[in-house]
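Asker: Okay, here's the structure, questions in a sec.
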Amino acid sequence: MKKKSTSQSAFFNSRVLLASVLCLAGVSIALLGSGAFSNASAQAISAPEPKAQQFGQTTVIHALHSDLSRPLREQPLIWPPMEVEHEANLNPKIPHQHQDGPDPVIQSSFWQRMINMPAVPAPLLTWNGIPYPGVGCNCAPPDTDGEVGKSQYVQMVNEGFQVFDKVTGTSVFGPVAITSVWSGFGGACQNGGSGDPIVVYDQLSDRWIISQFAVPSGASVPQDECIAVSQTGDATGAWYRYDFHLTSNFLDYPKLGVWPDGYYMSANVFNTSGTAFLGPQPFVFDRVKMLVGDPSATSQTRGIIGGSSEESFLPADVDGIVPPPVGDPNHFVAFPQGSPLIYKVWAYHVDFTTPANSTFTLEASVPAASFTALCSTTRNCVPQLGSSANLDAIADRMMFRNAYRRFSDGHESLLDNYTVSANSVAGIRWIELRRTQPGNWGVFQQSTYQPDTTWRWMGSIASDNQGNIALGFSASSSSINPQVRYAGRLTTDPLNTLSGEQHLFDGTGSQTGTSNRWGDYSDITVDPVDDCTFYYTNEYYATTGSFNW
């Protein structure tokens, strides 16, 4: 959802980078391009009549429409009309339910020198991703994310889609408008796609899943979620497409996670005018049926959880070849809240056969180290070189993804991060929750990475099959343009520490205007083939200006 801007346009870039820390690696991308496809669909499949059914506290939502697309690589390109420059809708900050306190887990540069850890290896490969104006979107922020598969890397931004060879960084398809994937589908997905795109790779089945929200006819805000599942492991092929009308409210910041029994999603729900936060809401989509394009595939939700006083959360997203225990629910991790401060871990158990048996329950309240909120009186406080326009740090939520991994010894890990104030600048609080069944989740390590006076934010974190960790993020200050960086740690490093950082790409411009929007998220993922190479995507500016990422 966007609003118009009178800012002047400038050309922008995007970047992908690859780096390694022993078994670690990372990739970073920045922004947009243009292109589109025709409106021809390969195969239409009749869908059930759209309706929502109530089973106890569970609402079952049928797809408004579903079908199978033509292979994307066979569709003729269409160049859509360029939109007026505009920023994504700016909803109110999510109200925090915690009290500021001193941060006892800051990792300082002094501590890093004392433990004498090895330096993080340099990037292996970098390339530019989708460039501004985002295939006709002409919008900001880019909402940069990407995923790595067996042979391809897929990047999405507002509102562009591109497929790369993951080894060379060469484009094999696109960039095209995301709505090109919905060509010939009709309805909100073809005509009302409005951004907040997400791409995830289902390693358990070698499939791609992409989504973005959409504004249905007669509405003014996103209420539908458009989800497509690739028919094979080739992202340039055909896609099973679904349109789910999920709410009559404003569905914002949807985030997907892959799980064996479903594709789980979180959303921050606002009223239709975007003036009031109503609370977080979990959803789940029938993975088994969507993998074969079954038109009877449904979505379930337990409604808004806790109301406006509840912190937002993210669903777990599986990494690695070891699946979760059979029947294990998906684990949603919430932004810290309460006094004393805790991380709430919610368990979403779904039953698509008997929906009344589905549950969404609090499974753990894990103690969290105290911190001070960043930008408590304003959204925009991150400085940049040569610009009086500070950037929005999005410090009111967990950042994408909530990365889940089960290791060969049976222990399970959840990795999350968010932005806090540390020594009067932005630092990244990262956490690893662990459990070994039948035990419950607990903090294995948590730390605030803030080694100097540079501001760090917009993080994304994941681990490889050995438990080595990589954290990608944006970095900026009054003396540097926004940069793309990453830090990492080995399993042999002292707990609660990262062993230094590397620069993926140093931006050569700063952002002006653009309603101070940056992000709103970045994405680090792990190669499913070697399970130890990290790919990371984030934005940067090549020259100072507005709409220039």
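The values are calculated or read from the model by the stated rules, or taken from the named source; none is laboratory data. The shown structure was predicted, so the numbers you read here are calculated from the model rather than taken from an experiment. Positions of Cβ are generated from backbone atoms using ideal geometry, with glycine treated the same way; all protein chains shown enter the neighbour counts.
Asker: Could you tell me which of the residues Ser211, Ser220, Ser180 is of a type in the set (Ser, Thr, Tyr), under 14 Å from Trp239 (Cβ atoms) and over 17 Å from the mean Cα position of the chain (by Cα)?
Answerer: Ser180
Asker: Suppose we filter Gly519, Gly509 for residues that are in contact with a strand residue (DSSP E or B) (Cβ under 8 Å, 6 or more places away or on another chain), assigned to a loop (DSSP other than H, G, I, E, B) and at positive phi; which single one remains? Give the steps one after another, and end with the answer.
Answerer: Numbers: Gly509 fails: at positive phi.
Only one candidate passes the filter, namely Gly519.
Asker: Pick out the one residue from Ser365, Ser376 that is surrounded by fewer than 17 Cβ atoms within 10 Å (Cβ to Cβ) and free of Cβ contacts under 8 Å to residues at least 60 places away in the same chain.
Answerer: Ser365
Asker: Let me ask something additional. Counting residues that are buried (at least 21 other Cβ atoms within 10 Å of the Cβ) and under 19 Å from the mean Cα position of the chain (by Cα), which strands (runs of 3 or more DSSP E) fully inside the stretch 396-506 reach at least 3?
Answerer: 402-406, 412-422, 425-435, 455-463, 469-477, 480-489
Asker: Filter the stretch 196-239 down to residues that are among the aromatic types (Phe, Trp, Tyr) and at pLDDT below 95, then give me how many there are.
Answerer: Residues meeting the conditions: 1.
Asker: While we're on this one: Looking at the structure I just gave you, is Lys289 among the basic types (Lys, Arg), closer than 16 Å to Arg435 by Cβ and surrounded by 17 or more Cβ atoms within 10 Å (Cβ to Cβ)? Walk me through it before giving the result.
Answerer: On the way: among the basic types (Lys, Arg): yes; closer than 16 Å to Arg435 by Cβ: no; surrounded by 17 or more Cβ atoms within 10 Å (Cβ to Cβ): yes.
The answer is no for Lys289.
Asker: Do we have Asp319 as surrounded by 21 or more Cβ atoms within 10 Å (Cβ to Cβ) and acidic (Asp, Glu) here?
Answerer: Yes: the conditions hold for Asp319.
Asker: Within the stretch 359-395, how many residues are under 30 Å from Val60 (Cα atoms) and not aromatic (Phe, Trp, Tyr)?
Answerer: Qualifying residue count, the stretch 359-395: 6.
Asker: So, of the residues in the stretch 342-369 that are out of contact with any Phe, Trp or Tyr (no Cβ under 9 Å at 6 or more places or on another chain) and in a loop (DSSP other than H, G, I, E, B), which turns out to be farthest from His96 (Cα to Cα)?
Answerer: This residue is Thr353.
Asker: Would the stretch 386-408 turn up any residue that is among the small types (Gly, Ala, Ser) and in contact with a Cys (Cβ under 8 Å, 6 or more places away or on another chain)?
Answerer: Yes.
Asker: Could you tell me which of the residues Gly218, Gly184, Gly169, Gly193 is surrounded by fewer than 24 Cβ atoms within 10 Å (Cβ to Cβ) and within 22 Å of Pro295 (Cβ to Cβ)?
Answerer: Gly184
Asker: Is it the case that Ile305 is surrounded by fewer than 21 Cβ atoms within 10 Å (Cβ to Cβ) and either under 30 Å from Tyr449 (Cβ atoms) or touching a residue at least 40 places away in the same chain (Cβ under 8 Å) (or both)?
Answerer: Criteria not met by Ile305.
Asker: In the stretch 396-412, how many are of a type outside the set (D, E, K, R) and without any contact (Cβ under 8 Å) to a residue 60 or more places away in the chain? Reasoning before the result, please.
Answerer: Here is the first cut: in the stretch 396-412, the residues of a type outside the set (D, E, K, R) are 398-400, 402-404, 407-408, 410-411.
Remaining after also requiring without any contact (Cβ under 8 Å) to a residue 60 or more places away in the chain: 410-411.
So the answer is 2.
Asker: Continuing with this model, one more query. Could you please find all residues in the stretch 266-320 being out of contact with any Leu (no Cβ under 8 Å at 6 or more places or on another chain) and charged (D, E, K, R)?
Answerer: Scanning the stretch 266-320 gives Asp286, Arg287, Lys289, Asp294, Arg302, Glu310, Glu311, Asp319.
Asker: Now a separate question. Go through the stretch 308-341 and count every residue that is in contact with a strand residue (DSSP E or B) (Cβ under 6 Å, 6 or more places away or on another chain), aliphatic (A, V, I, L, M) and either closer than 21 Å to Ser460 by Cα or outside any loop (DSSP other than H, G, I, E, B) (or both).
Answerer: 5
Table: residues versus (1) modelled with pLDDT of 95 or more; (2) polar (S, T, N, Q); (3) in a strand (DSSP E or B); (4) out of contact with any helix residue (DSSP H, G or I) (no Cβ under 9 Å at 6 or more places or on another chain).
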| residue | (1), (2), (3), (4) |
| --- | --- |
| Gly257 | yes, no, yes, yes |
| Asn268 | yes, yes, yes, yes |
| Gly274 | no, no, no, yes |
| Val284 | yes, no, yes, yes |
| Val292 | yes, no, no, yes |
| Gln300 | yes, yes, yes, no |
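Asker: Find all pairs meeting these conditions: Cβ atoms under 7 angstrom apart; at least six residues apart or on different chains; first residue within the stretch 522-545 and on the phi > 0 side of the Ramachandran plot; second residue of a type in the set (Asp, Glu).
Answerer: Qualifying pairs under 7 Å: Asp531/Asp464.
Asker: Looking at (1) closer than 22 Å to Arg485 by Cα; (2) out of contact with any Ser or Thr (no Cβ under 9 Å at 6 or more places or on another chain); (3) modelled with pLDDT under 95, which is the only condition Asn440 fails?
Answerer: If we test Asn440 against (1) closer than 22 Å to Arg485 by Cα; (2) out of contact with any Ser or Thr (no Cβ under 9 Å at 6 or more places or on another chain); (3) modelled with pLDDT under 95, just (1) comes out false.
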